[in-house]
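Accompanying notes for the structure given below.
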Amino acid sequence: MIDVSLEQICSVVSGELIKAGNSNNNVINAVSTDTRTVEEGALFVAIVGERFDAHDFCHQAVEANASALLVERKLDLNITQVVVEDTKLALGELSAWIHKQCDVPTMAITGSCGKTTVKEMVASILQQRGKVLFTAGNFNNDIGVPLTLLRSEPNDDYAVIELGANHIGEIAYTTQLVKPQVALVNNVAAAHLEGFGSIDGVKQAKGEIFQGLAAGDTAIVNLESNGGDFWNEVLADKAVLTFSEGSREADYFAENIKINDQGEACFDMQTPQGATAVELGIIGQHNVANALAAAALSIQFGATLDEIKSGLANLISVKGRVEVQQLSQNIKLIDDSYNASVPAMKAAAKLLSSFKGQRWLILGNMAELGDESLALHRQVGEYAAPFAFEHVLTYGDDTKVISEVCNGTHFATHQAMIAHIEQHLRLPENASHTLLVKGANSAGMSKIAAALKENFS
């Protein structure tokens, strides 16, 4: 983060500056919203949420030697305070201003699934060309995006910002902070339906990212998954590029896709700049489309085909996202326990089908699907059933239908599921086992993956 005076901050956020009597540090070069990680000399922002009020913890920021507080009311503490009407909005205003001062070429990425992977791919490609500011983990909401932008520095060559949302209007807000020159909607699928109301709501929400582009800026659209009439108007004055795993009509598409024994894809990537043979360093055919999206984004910022090829080959998988680990000579774990949507569940099933031996599809429920939840879980089961997996195990209310469709076994607790798996894996047989674990974060399937790693590594 660049150095900013408290007076500048006050001006940017339209706040009132109340200086403490012993205040002598007027320059801020760090911002925190978590008292557990406040750096000495930082500005602590007291966010008010539905279930918490960080004003109650500001004394901890004082004890950690913060320089100042950003608050919605003056507190009886001996520390400089900037008082504003809404600290969350002020955090956004400050982050947007700092990012603007640094004047970094910026792209924004959203989508129902795969956006974190695409972001990591783009960062891997562009890091060969210069210094890249990119979203840490999945800091992609109305607090995470500002915290990412606050890390902006004048010597950044590129900024790659991931935007997530669970309700309409959130991406419109964060895009307005980011102000990208290039924006991507990776795909549209049934995810967070409780917040969006319907698939049309998802299209509307994801398409908000294009509203943050100026006329003539570049929008990148998945030909297999676009917003139709919801996007036509907003895209009318933009330069539109398309990608598709299967359609030659797209600007970026794939040919000759092959999956190796490790589940990694190789293919011929076709681009407006020519073709290149790509080998992905992460598993799953679904990552072919993610790689095409990453290439389209990266080329807008000057990346060459050789840089794309190298960046994609050397990508390190994101923790909990299709992470492959050979636990023992005959047991392989595919840990994809971080999150789940209908397309991601289907991609996981397709990936598992490419392995030999005893195949275990171990699924927790998908979250925030509203009234459609049972039908969408059934859809996953019907997709997986023809693969005839040797073991299908499920946990969570609506996943029971997957077990029913696939002749699997449903469990009421994680403990019972773990015990079942362990009992089978300890049988004296020579068969190879591939276990794929997936579910929404709230389903806690990471517990299953962790138990397998602990007991069989």
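Structure values in brief
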read-out: Segment Ala136-Asn155, extension gain: residue separation times 0.36 nm, minus the distance between their alpha carbons; value: 5.0 nm
read-out: Efficiency of FRET from Cβ geometry, Ala214 and Asn65, R₀ 51 Å, rounded to 0.05; value: 0.75
read-out: Virtual spin-label span in nm between Asn232 and Phe57, 7 Å along Cα→Cβ; value: 4.8 nm
read-out: Point-to-point label distance, Glu224-Ala277, nm (Cα→Cβ direction, 7 Å offset); value: 2.4 nm
read-out: Lysines with Cα under 24 Å of Lys179, excluding same-chain neighbours fewer than 8 positions away; value: Lys88, Lys100, Lys115, Lys119, Lys131, Lys203, Lys206, Lys238
read-out: Viscosity 1.306 mPa s, 10 °C: Kirkwood-radius Stokes-Einstein D of the range 180-307 over Cα pairs, µm²/s; value: 103 µm²/s
read-out: Pairwise label distance in nanometres, Leu77 with Arg129, each label 7 Å out on the Cα-Cβ vector; value: 4.3 nm
read-out: Cleavage-rule hits (trypsin sites (Lys or Arg not before Pro)) in the range 170-266: DSSP loop, at most 14 neighbouring Cβ within 10 angstrom; value: Arg248
read-out: Square roots of 5 times each gyration tensor eigenvalue, C-alpha, the range 74-139, largest first, Å; value: 33, 15, 11
read-out: Formal net charge of residues neighbouring Ala189 (Cβ-Cβ distance under 11 Å; K, R +1; D, E -1); value: +2
read-out: Descending semi-axes in Å of the chain, equivalent ellipsoid built from Cα gyration tensor; value: 40, 28, 20
read-out: Around Cys266: net Lys/Arg minus Asp/Glu count, Cβ-Cβ under 15 Å; value: -4
read-out: FRET E, pair Gln329, Glu40, Förster distance 51 Å, beta-carbon r, rounded to 0.05; value: 0.50
read-out: 5 angstrom amide H check on Ala189, placed H, neighbours 5+ away; value: Ser112
read-out: Filtered trypsin sites (Lys or Arg not before Pro), the range 1-54: DSSP coil and at most 11 other beta carbons within 10 Å; value: Arg51
read-out: Residue-span extension gain [Leu17 to Asn407] - 0.36 nm each, minus C-alpha spacing; value: 133.9 nm
read-out: Signed unit charges on C-beta, dipole axis of the chain, positive-most listed residue Ile47, Ala293, Leu89; value: Ala293
read-out: Dipole axis of the chain (+1 Lys, Arg; -1 Asp, Glu on Cβ), positive-most option in Gly302, Ser337, Val62; value: Ser337
read-out: Gained length - Glu390 relative to Asn260, 0.36 nm times residue gap less alpha-carbon distance; value: 44.7 nm
read-out: For the range 106-191, convex hull volume per residue from C-alpha positions, Å³; value: 84 Å³
read-out: Long-range Cα-Cα pairs in the range 323-456 (distance over 17 Å), rounded percent; value: 53 percent
read-out: Length-normalised contact order for the range 103-313 - Cα pairs under 8 Å, 6+ apart - percent; value: 21 percent
read-out: Per-selection Kirkwood Rh - the range 250-308 (Cα, Å, 1 d.p.); value: 11.5 Å
read-out: Debye intensity ratio in log₁₀ form over the Cα atoms of the range 9-116, taken at each q of 0.22, 0.24 Å⁻¹; value: -1.18, -1.34
read-out: The chain, dipole about Cα centre (Lys/Arg Cβ +1, Asp/Glu Cβ -1), debye to the nearest 20; value: 1000 debye
read-out: DSSP-loop GluC sites (Glu not before Pro) across the range 405-457, with at most 12 other Cβ within 10 angstrom; value: Glu429
read-out: Exposure proxy order (Cβ contacts within 10 Å, fewest to most) of Val118, Val84, Val27; value: Val27, Val84, Val118
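Values quoted throughout were computed directly from the atomic coordinates according to the rules given, and no laboratory measurement underlies them. Predicted, not measured: the structure shown is a model, and the values here were computed from it. Reconstructed Cβ throughout: ideal geometry from the backbone, glycine too, with neighbour counts over all protein chains shown.
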